[in-house]
Amino acid sequence: MAFLTGESLERISSAAPGLQLVTYWQGCSETTGEDARTLLSQMVSGLISRGWIHPLEKTLENAVDGLGLSEERIKNAADELQKVGLMQVADGKIVSLAGMFSTTPTKICYFMDEDLKVYLLGALAALAVPQALGRPGELMADCGQAGSAKRLKLDCDEEGVHTRVPDTICIFLPDWSGEDHPADAIAGGGLFADDEALAAWQEANDEPEGMPLASMMFPMAAGELGGQLGKTMESLLDRFANFG
């Protein structure tokens, strides 16, 4: 069964290639309830401060005590988060949060001060995470084509990316038809060491649908797209703003 149907599917169908996820999360930020926002904020804060998260049942038990909400309200909030894709659960375990954060290691990691770090699901999350959390940091990632043989670094302040090493880093944002879970869809693109690596990856993957952004376009994408999604996620996560 497709993840999106009806009006939600219609809304993303008009978005530019590679930007459907941004459009979708912007819509979620307008409709997600207060209890769901509070629960999501608490879970993301706990994931970052501890580096791990309890299984779903234990997490919700802790939320009842920590947030002072009834079991019914917490359950309804969790159901809402799962329905819209802001929490992804498999076999009773929480595997992703806010469509950006992975509960297990990935090839993209955001390092903050106080030895805090969080793993990210995809390149679009890398652009948005500084503003989403309101925390400066250093993002490290494997090149989508060369893997760990080429490590990439983005230095970030609270508003987004301000420098990149190498300065030829570019990006591919995957198309999203609404069929897959958004947390799975965001992982379809990547960060690349240079335009040649991006082109080689596209060729090797049969020219996937989406938005390739060459190194010359990266600063604009980091500022505009990162700012749009970062602000959207900030509005969903700002109930626990210290994140550790």
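A few notes on this one:
- Taking each residue as 0.36 nm, the span from Ala149 to Ala2 lengthens on full extension beyond its C-alpha to C-alpha distance by 49.3 nm.
- Between the helical axis of 34-50 and the longest alpha-carbon principal axis of the chain there is an angle of about 70 degrees.
- Helix 123-133 axis, angle to the chain major axis (alpha carbon atoms, nearest 10°): 50
- Size descriptor, Kirkwood hydrodynamic radius, that averages inverse alpha-carbon separations across the chain, Å: 18.0
- Spin-label model distance (nm) - Glu72 vs Lys231, 7 Å beyond Cα toward Cβ: 3.8
- Annotation: per residue accessible area for the chain equals 46 Å², rounded to a whole number [probe 1.4 Å, protein chains only].
- Nearest-0.05 FRET efficiency for Arg239 and Ala90, computed from C-beta distance (R0 35 Å): 0.85
- Protein accessible area in region 1-158, 1.4 Å probe - carbon and sulfur %: 48
- The relative contact order of region 17-146, computed from alpha carbon pairs under 8 Å that lie at least 6 residues apart in sequence, is 19 percent.
- Entries in Lys107/Lys153; Lys58/Lys107; Lys75/Lys231 that, when Cα-Cα distance is taken, lie over 18 Å: Lys58/Lys107; Lys75/Lys231
- In degrees, nearest ten, helix 218-237 long axis to first principal axis of the chain (Cα): 0
- Descending semi-axes in Å of region 166-244, equivalent ellipsoid built from Cα gyration tensor: 26, 17, 10
- Simple spin-label estimate for Phe111 and Trp52 gives 2.2 nm between the two label positions (7 Å along the Cα-to-Cβ direction from each Cα).
The values are calculated or read from the model by the stated rules, or taken from the named source; none is laboratory data. What you see is a predicted model; the values in this text were computed from it and never measured. Because the Cβ atoms are built from the backbone with ideal geometry, glycine has one as well, and the counts that use them run over all protein chains shown. We work out accessible area using only protein heavy atoms, side chains counted, and drop any ligands, DNA or RNA first. Shrake-Rupley method; radii C 1.70, N 1.55, O 1.52, S 1.80 Å.
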